[in-house]
Structures are given as C-alpha cells and as structure tokens.
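Any read-out appearing in this document is the output of simple, stated calculations on the displayed coordinates, not a laboratory observation. Computed from a prediction, not measured in an experiment: that's the story for all the values here. Cβ coordinates were reconstructed from backbone atoms using ideal geometry, including for glycine residues, and neighbour counts include every protein chain displayed.
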C-alpha cells in the first residue's frame with residue numbers, strides 16, 4: 001500500500017472524482033482532498049492510498065484532469081512544524 005500526493009487539483013474536484021480516476025489503475029483504499037480549516041475550500045491537493053501506485057503515477061502524472069495538469073508522485077513523510 002502506497003500513499004500518493006496529487007497536486008494541482010481543480011477546485012471543484014471531489015474525493016469521489018479522485019477515487020474514480022485512480023481506480024482505473026487498482027483498488028483505492030482512500031482518497032482525501034485537503035481543505036482549508038476556515039473556509040472549507042479545497043487547497044488544491046490531496047492524497048490517495050492504493051496498491052498499484054507505480055502504474056497510477058506513470059499514467060496520471062502530468063495529465064489533464066478537469067482542465068488542470070495533475071502532479072502525481074509518492075507522498076513524503078510530513079515534516080514536523
């Protein structure tokens with residue numbers, strides 16, 4: 001199981017949209033779009049957890065999704081603030 005970072009998401013994209021997109025390349029365990037705490041609006045990036053991560057990265061990185069060019073790569077550990 002790998003966690004993928006998905007950047008440059010369209011503001012109107014939903015977690016269901018992410019799940020549908022990535023499920024073409026394997027079973028998606030979770031899909032989460034990060035939102036602003038105060039406004040609840042998407043921050044333009046999210047995370048997907050799935051088994052077949054390499055195929056998803058190879059096929060979806062730098063592709064058009066709802067008018068935006070996605071950035072997809074393996075997520076890095078969060079740094080302490």
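Here are some values of Rg/Rh (Cα atoms, Kirkwood Rh): (i) 0.92; (ii) 0.95; (iii) 1.14. Which one was computed from this structure?
Evaluating Rg/Rh (Cα atoms, Kirkwood Rh) on these atoms matches (ii).
With each run of n ≥ 4 DSSP H residues scored as -39500 (n - 2.57), what mean residue ellipticity at 222 nm is computed for the chain after dividing by its residue count and rounding to the nearest 500 deg cm²/dmol?
Value at 222 nm, helices only: -5500 deg cm²/dmol.
If each residue of separation counts as 0.36 nm, what is the full-extension length gain between residue 15 and residue 2 once their alpha-carbon separation is subtracted?
Here the segment from residue 15 to residue 2 would lengthen by 3.0 nm.
Taking only C-alpha pairs under 8 Å that are 6+ residues apart, what is the relative contact order of the chain in percent?
41 percent.
Assuming R0 = 22 Å, can you tell me the calculated FRET efficiency for the pair residue 23 and residue 80, based on Cβ-Cβ distance, to the nearest 0.05?
Once rounded, the FRET efficiency stands at 0.10.
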